[in-house]
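Worksheet: the structure to be examined is printed underneath.
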Amino acid sequence: MDKLIIEGGVPLKGTVDVGGAKNAALPILFAAILVDGPVRLKNVPDTQDIVTTLRLLRDIGCECRREGEEVVLDAKNLHPEAPYEIVRKMRASVLCMGPLLARLGRVRAALPGGCNIGARPIDLHLKGLERLGAKFDLAGGDMVGSCESLKGAVVHFDTPTVGGTENVLMAAVLAEGETVLENAAKEPEVVDLANFLAACGAKIAGQGTSEIRVRGVSSLTGCGYGIIPDRIVAGTYLVAAGITDGEVLVRNCPFAELEPVVLKLRSMGMGIEKTPEGVLAKRSGPLRGADLTTQPHPGFPTDMQAQTMALMCLAEGASVVEESIFENRFMHVPEFCRMGAQITVRGRTAMVRGVSRLKGAPVMASDLRGGAALVLAGLAASGTTQVRRIYHVDRGYEAIEKKLGGLGARIRRERE
């Protein structure tokens, strides 16, 4: 198990490149199950979640090979059982259910694992797939699904669910007739999945809105496709510039998709401007407190809540953070307080009173984005910070110590 050692207090300066979006690549990798023939995906990030996904795909018979930032897949020898030892490590593993049902008519998958940030039940996934004709039973801790054939239907989600929308969307492209997804998730990663499926021959309209319409086709054909840049990684580097009082140019930054984050950071005293070379981030004055509420896209993303709270810890005045998506996403707060932050949590609301400085301390990552936020806090803190359980961060960030080191951060990785 690795940890990061950070000597804080260094303003970050320089240029950093953003890779492909992990949360877009994962469903697209699983969507390759649906395709007849090879698929070549470009700009696939080399994160631990991607490694886990490729291992799972190989275990169910999909040929996979990585060639630099590209991954080539060929799902010609599939079987329907996703092993517990892999599925337990990553919640996104549940995204194999829709494609396997559509391609093979059956699936057996363990209930998924992942970050401990809330219940995140998969009932919306199962209900949506059942509307298309699938049946599910629980056997030995596994969800066992089967269908004679999938048929189009109207699927209404009680709440917008990214994973549920993706799972049902993938199943619907090979279902007979038309499927309508109501109250669908609008996230850019859902749009990227729909665009990939369309490039393979699927008939989809409405992606990026609350209603997606899918006209089923008999088969999909392989194609080449590039994954969109990672808006959450890009947002993390924007915050890194502000929290260290540095100046960072973020290249390949999806500026439009980051609008709610950019507006919030600007309101806190950051200058963020789009240039021909990328997005330039620095402080425009003293950091100021602000209030935010996480919301489904196009609102403020829950995946940027912890990183923005790190910035609030050093902002003048008070800030209020309301977490409306996950009920257990303040696990980074006690670790911030170990570093001198002043934060009070009541239910899903956190009150942050800014302090003049943070102090280095041993802290522990409990989830992916909270772990990244602790790294940010360590960059700004005086003294030494040790971030343990860094494997959480490795799930969504490529070699974060090398990227930050390239900006001048004094950071290194060590074995526990």
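Name the residues in segment 353-378 that are more than 12 Å from Ala306 (Cα to Cα) and among the hydrophobic types (A, V, I, L, M, F, W, C), would you? Hits for segment 353-378 are Val355, Leu358, Ala361, Val363, Met364. Any chance segment 8-19 includes a residue that's surrounded by 24 or more Cβ atoms within 10 Å (Cβ to Cβ) and within 21 Å of Ala198 (Cβ to Cβ)? For segment 8-19, residues surrounded by 24 or more Cβ atoms within 10 Å (Cβ to Cβ) and within 21 Å of Ala198 (Cβ to Cβ): absent.
Exactly one residue out of Leu41, Leu56, Leu26 is farther than 24 Å from Arg329 by Cβ and in contact with an Asp or Glu (Cβ under 7 Å, 6 or more places away or on another chain), and it is Leu41. Within segment 87-98, the presence of at least one residue that is without any contact (Cβ under 8 Å) to a residue 40 or more places away in the chain and touching a helix residue (DSSP H, G or I) at 6+ places or on another chain (Cβ under 9 Å) is confirmed.
Taken together, the residues in segment 165-190 that are under 14 Å from Ile28 (Cα atoms) and either at pLDDT below 95 or over 14 Å from the mean Cα position of the chain (by Cα) (or both) amount to 7.
For residues that are surrounded by fewer than 18 Cβ atoms within 10 Å (Cβ to Cβ) and in contact (Cβ under 8 Å) with a residue 40 or more places away in the chain, scanning just segment 20-53, find the one that is nearest to Glu187 (Cα to Cα). Filtering segment 20-53 for residues that are surrounded by fewer than 18 Cβ atoms within 10 Å (Cβ to Cβ) and in contact (Cβ under 8 Å) with a residue 40 or more places away in the chain, the one nearest to Glu187 (Cα to Cα) comes out as Lys42.
It is to be established whether one or more residues within segment 371-391 are surrounded by fewer than 22 Cβ atoms within 10 Å (Cβ to Cβ), in contact (Cβ under 8 Å) with a residue 40 or more places away in the chain, of a type in the set (A, V, I, L, M) and not in a strand (DSSP E or B). The answer is no; no qualifying residue exists. No other residue among Gly235, Gly289, Gly269 is under 28 Å from Ala381 (Cα atoms) and crowded, with 24+ Cβ neighbours inside 10 Å apart from Gly235. Of everything in segment 208-232 that is under 25 Å from Gln305 (Cα atoms) and out of contact with any Gly (no Cβ under 8 Å at 6 or more places or on another chain), the residue that is surrounded by the fewest Cβ atoms within 10 Å (Cβ to Cβ) is Thr209.
As for segment 54-75, it holds at least one residue that is surrounded by fewer than 22 Cβ atoms within 10 Å (Cβ to Cβ), under 24 Å from Ile400 (Cα atoms), among the aliphatic types (A, V, I, L, M) and assigned by TED's automatic domain parsing to the domain that holds Leu126.
Grab the strands (runs of 3 or more DSSP E) fully contained in segment 1-75, keeping just those with 2 or more residues being touching a strand residue (DSSP E or B) at 6+ places or on another chain (Cβ under 8 Å) and farther than 25 Å from Gly378 by Cβ.
On the way: elements: 2-7, 13-17, 39-42, 63-67, 70-74.
Once the strands (runs of 3 or more DSSP E) in segment 1-75 are filtered for at least 2 residues that are touching a strand residue (DSSP E or B) at 6+ places or on another chain (Cβ under 8 Å) and farther than 25 Å from Gly378 by Cβ, what remains is 39-42, 63-67, 70-74.
Here segment 398-416 is the region considered, the condition is being out of contact with any Phe, Trp or Tyr (no Cβ under 9 Å at 6 or more places or on another chain) and in a loop (DSSP other than H, G, I, E, B), and the residue that is surrounded by the fewest Cβ atoms within 10 Å (Cβ to Cβ) is Glu416.
Of all the strands (runs of 3 or more DSSP E) wholly in segment 268-330, which have at least 1 residues that are within 17 Å of Val248 (Cα to Cα) and of a type in the set (Ser, Thr, Tyr)?
Values: elements: 270-274, 279-283, 291-293, 318-322.
Strands (runs of 3 or more DSSP E) meeting the threshold: none at all.
Of the numbered criteria (1) farther than 19 Å from Val155 by Cα; (2) in a strand (DSSP E or B), the one Lys264 fails is (2). If you check Val180 against the conditions, is it of a type outside the set (S, T, N, Q), in a strand (DSSP E or B) and surrounded by fewer than 17 Cβ atoms within 10 Å (Cβ to Cβ)? Judged against the criteria, Val180 is a match. Of all residues in segment 344-370, which are assigned to a loop (DSSP other than H, G, I, E, B) and among the hydrophobic types (A, V, I, L, M, F, W, C)? Answer for segment 344-370, where residues must be assigned to a loop (DSSP other than H, G, I, E, B) and among the hydrophobic types (A, V, I, L, M, F, W, C): Val355, Leu358, Ala361, Ala365.
The values are calculated or read from the model by the stated rules, or taken from the named source; none is laboratory data. Only a predicted model underlies this, so the values are computations on that prediction, with no experimental measurement involved. Methodologically, a virtual Cβ is constructed for each residue, glycine included, from the backbone with ideal geometry; neighbour enumeration extends over all protein chains shown.
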